[in-house]
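Nothing in this text is a laboratory measurement; each read-out follows from the coordinates by a stated rule. Being a predicted model, the structure only gives us computed values, none of them experimental. Quick reminder, even Gly has a Cβ in these numbers, built from the backbone with ideal geometry, and neighbours come from all protein chains shown.
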Amino acid sequence: MKIYLNGEFVDKQDAKVSVFDHGYLYGDGVFEGIRAYNGVIFRLDEHIDRLYYGAKAIMLDIPLSKEEMKAAVVETVRRNNLYDAYIRLVVSRGEGDLGLDPRKCPRPTIVIIADSIQLYPKELYEKGMKAMTTYMRRNSPAALDPQIKSLNYLNNILAKLEANRCGYAEAIFLNDRGYVAECTGDNIFIVKDGVLITPPVTIAALGGITRKTVIEIAEQIGIKVEEREFTLYNLYNADECFLTGTAAEAIPVVEIDGRVIGDGKPGPITKKILQEFAEIVDKKGTKVYE
Ligand code: PMP
């Protein structure tokens, strides 16, 4: 495996970052998770835009242009001869001293890994998963805006630990005002009376690229979409529910906190959207091989 590290391709065992890197010491940095399907990178431009927006928000100057960064991602996939891949792109504040002051970090560290990922067991995509809500609230935008895909994932990890402990594959966060927000690594959608509803990203959710894709698919096939807040009551009484994310892709949810969603099986709109999603992923995008 060849890993991109600060402009060079190195073997996995040589891909090493300093223990003084502030990504390691403080979770100071931003990242992306991107997928390639059949030699085509899915929505690379949007992932790169989100990375640079996050970097801007945390005042991290990425020393590559967006075009250079895209080329580096493509080259990482190509060097590993991959067609289907999960790509992790990380830009940390870089090496500094033991204090948290970013001014002590002159050069960001850039890492690109192309590998694979399996977030949930395969059979859950067919029969749907059971999820729980966590007592943990999603970070408030007043403290750390979840729109920034930062290296600071402890909020998510704490919720994941709780889900693991309770025997669930995924935990659903509420925001600090008690409305449904998102999951540990996915956005959430419900269907009620034929309308697709998802929380707005500005309340406490990442602006997911899969989320955006699903909204576009729904609109194209004539399903009404609403981006608005909803409560646990709405969630429990939804006709259908599913989660979206680059790693997760799109996965139905059939039970939440012991309440059966709809008839306990992936619903018709969920199935239709999952099917459309699977059909488009390798149709448009950035080709790795000519
Ligand atoms: N929310 C969180 C907290 C995430 O980590 C992710 C995965 N990046 C998502 C939502 C889904 O975003 P995307 O569809 O862009 O992968």
Query raised in the report: Could you put S140, S150 in order, starting from the residue whose Cβ has the fewest other Cβ atoms within 10 Å?
Result: S140, S150
**Report entry** ³J(HN,Hα), Karplus 6.51/-1.76/1.60, whole Hz, each residue of region 181-192, x for Gly, Pro
**Finding:** 10, 5, 10, 6, x, 9, 8, 10, 10, 10, 10, 9
Report summary line: Nearest 10, in degrees from 0 to 90: the angle of helix 154-166 to the longest Cα principal axis of the chain is 50 degrees
Query raised in the report: If each of A278 and E126 carries a label point 7 Å out from its Cα toward its Cβ, how far apart are those two points in nm?
Result: 1.1 nm
Report summary line: The set of residues whose placed amide H lies less than 5 Å from the amide H of V253, leaving out same-chain residues fewer than 5 positions away, is M129, C241, F242, L243
**Report entry** Rg/Rh for the chain, where both radii come from Cα atoms and Rh is the Kirkwood radius
**Finding:** 0.97
**Report entry** Mean residue ellipticity (222 nm) of the chain, computed from DSSP H runs ≥ 4 via -39,500 (n - 2.57), nearest 500
**Finding:** -8500 deg cm²/dmol
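May I ask you to derive the FRET efficiency for D263 and A71 from their Cβ-Cβ distance with R0 = 45 Å, giving the value to the nearest 0.05?
Efficiency, from the Cβ-Cβ distance: 0.40.
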Query raised in the report: For region 112-249, what are the per-bin percents of Cα-Cα distances with bins 5 Å wide, up to the bin holding the maximum?
Result: 2, 10, 20, 24, 23, 14, 6, 2, 0
Report summary line: In nanometres, the difference between 0.36 nm per residue of separation and the alpha-carbon distance of Q220 and M59 is 54.2 nm
Query raised in the report: Which order results if H47, H22 are arranged by neighbouring Cβ count within 10 Å, fewest first?
Result: H47, H22
Report summary line: Connecting every pair of Cα atoms under 10 Å apart in the chain and solving the GNM, the largest mean-square fluctuation among G167, G222, G96 falls on G222
Query - Cα-based shape type of region 7-148, given that a ≥ b ≥ c are square roots of the gyration tensor eigenvalues and the cut on a/c is 1.5 - result: oblate
**Report entry** region 9-36 residues near the modelled R79 label - backbone nitrogen below 19 Å, point 7 Å along Cα→Cβ
**Finding:** 9-18, 32-36
